[in-house]
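The values are calculated or read from the model by the stated rules, or taken from the named source; none is laboratory data. Source: prediction; values computed, not measured. FYI the Cβ positions are ideal-geometry reconstructions off the backbone, even for glycines, and counts take in every protein chain you see. The area values use the complete protein model at the heavy-atom level, side chains included, leaving out ligands, DNA and RNA. Shrake-Rupley method; radii C 1.70, N 1.55, O 1.52, S 1.80 Å.
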Amino acid sequence: MGSTAAPGRVDGRTLRSERTRAAIVEAHLALISEGDLRPTGERIAERAGVSLRTLWTNFKDMETLFEASGAEVLRQQDAAYRPISPALPLGRRVDAYCRQRARLLQLIAPSARAAQMREPVSDQLHRNRLKHIDRVRDEVEALFAAELAHAGRGRKQVVDAIVAASMWPAWSMLRDGLGLGVDAARAVMARTVGALLAQVAEG
C-alpha cells in the first residue's frame, strides 16, 4: 500500500516545486520589467512570496535563475510569434519580418536591457543570447531562402548582416541611442534588411 501512495506524494512535491520555481521566475522578470534591472535574491524572494532559503533551494545561484528566466522569455516569444509565408513577395516578407521583430524586441526589451548589464560576467546570459541569435538566424535562412540562394560565397555574410540588423543591440541603438519611436526604428530596420536582400537579388 505504501508503494502505491508514494508516487502521489512525489508528484505533489514535484508540482509544488514547479509552482515555486515558476513564481520565482515570474517575480524575477516582473521586477526587471518594472525597472529593477539587477534585482537581488532578497527582492526576488520577497516578490515571489517565498523565503530566501527557498529561492536558493530551487536555484543554486543566479546563473541557474538566469537560465530559467531566459527559457521563460523564449517561451513568451514563441507564444507571440506568427509564421510568415516564404511565398510572399520580397517586399511583403521584409515588412512582415521587421514588424514581427519590432514587436518581439519590444516584448523582451526589459530583460534584454538587464541581460546587457550582466552578460560580461555571466556565461549563462551569453548562452541565452546565443539561443536568440540561433532562432533569428534560422528564421532569416528559411524566410529569405529564395534570395539567399543567389548570394553565392557571400551568403553567410548577408545572413550575418540581416541577423545583426534585427537583434537587440541594433534595436537598442535605434530606440535608446538615436531616440527613435517604434515605427521609425522598424522603418530603419526594414530599409536595412530590404537593401541587403535587394542587393543579393540584383546580383
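Couple of notes before you dig in:
- None of Ala201, Ala170 is at negative phi, touching a residue at least 24 places away in the same chain (Cβ under 8 Å) and open to solvent by less than 80 Å² (accessible area, probe 1.4 Å) except Ala201.
- Every residue from the range 37-66 that is among the hydroxyl-bearing types (Ser, Thr, Tyr), within 17 Å of Thr20 (Cβ to Cβ) and part of a loop (DSSP other than H, G, I, E, B): Ser51
- Boolean, Arg16 is in contact (Cβ under 8 Å) with a residue 12 or more places away in the chain and either open to solvent by 50 Å² or more (accessible area, probe 1.4 Å) or touching a strand residue (DSSP E or B) at 6+ places or on another chain (Cβ under 8 Å) (or both): no
- Qualifying residue in the range 22-34 (condition: within 30 Å of Arg191 (Cα to Cα), outside any helix (DSSP H, G or I) and touching a residue at least 12 places away in the same chain (Cβ under 8 Å)): no
- A residue that is within 30 Å of Gly194 (Cβ to Cβ) and either modelled with pLDDT of 95 or more or not polar (S, T, N, Q) (or both) occurs nowhere in the range 34-54.
- Among the residues making up the range 137-146, those that are surrounded by fewer than 19 Cβ atoms within 10 Å (Cβ to Cβ), touching a residue at least 24 places away in the same chain (Cβ under 8 Å) and in contact with a helix residue (DSSP H, G or I) (Cβ under 9 Å, 6 or more places away or on another chain) are Arg137, Ala146.
- Among residues of the range 54-80, those that are within 12 Å of the chain's Cα centre (by Cα), within 13 Å of His28 (Cβ to Cβ) and of a type in the set (A, V, I, L, M, F, W, C), counted: 2
- Taken together, Pro110, Pro86 contain a single residue that is surrounded by 15 or more Cβ atoms within 10 Å (Cβ to Cβ), closer than 25 Å to Val193 by Cα and over 9 Å from the mean Cα position of the chain (by Cα), which is Pro110.
- For Val121: the one exception among (1) among the β-branched types (Val, Ile, Thr); (2) open to solvent by 60 Å² or more (accessible area, probe 1.4 Å); (3) at pLDDT 95 or above: (3)
- Long-range neighbours under 8 Å by Cβ, at least six apart or interchain, first residue without any contact (Cβ under 8 Å) to a residue 40 or more places away in the chain within the range 81-102, second part of a loop (DSSP other than H, G, I, E, B): Ala96/Ile84; Ala96/Leu88; Gln100/Tyr81; Gln100/Arg82; Gln100/Ile84
Residues checked against (1) in a helix (DSSP H, G or I); (2) farther than 28 Å from Ala198 by Cα:
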position: Glu119; (1), (2): yes, yes
position: Glu139; (1), (2): yes, no
position: Gln157; (1), (2): yes, no
position: Leu180; (1), (2): no, no
position: Ala187; (1), (2): yes, no
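- Matching residues, the range 67-105, being hydroxyl-bearing (Ser, Thr, Tyr) and part of a loop (DSSP other than H, G, I, E, B): Tyr81, Ser85
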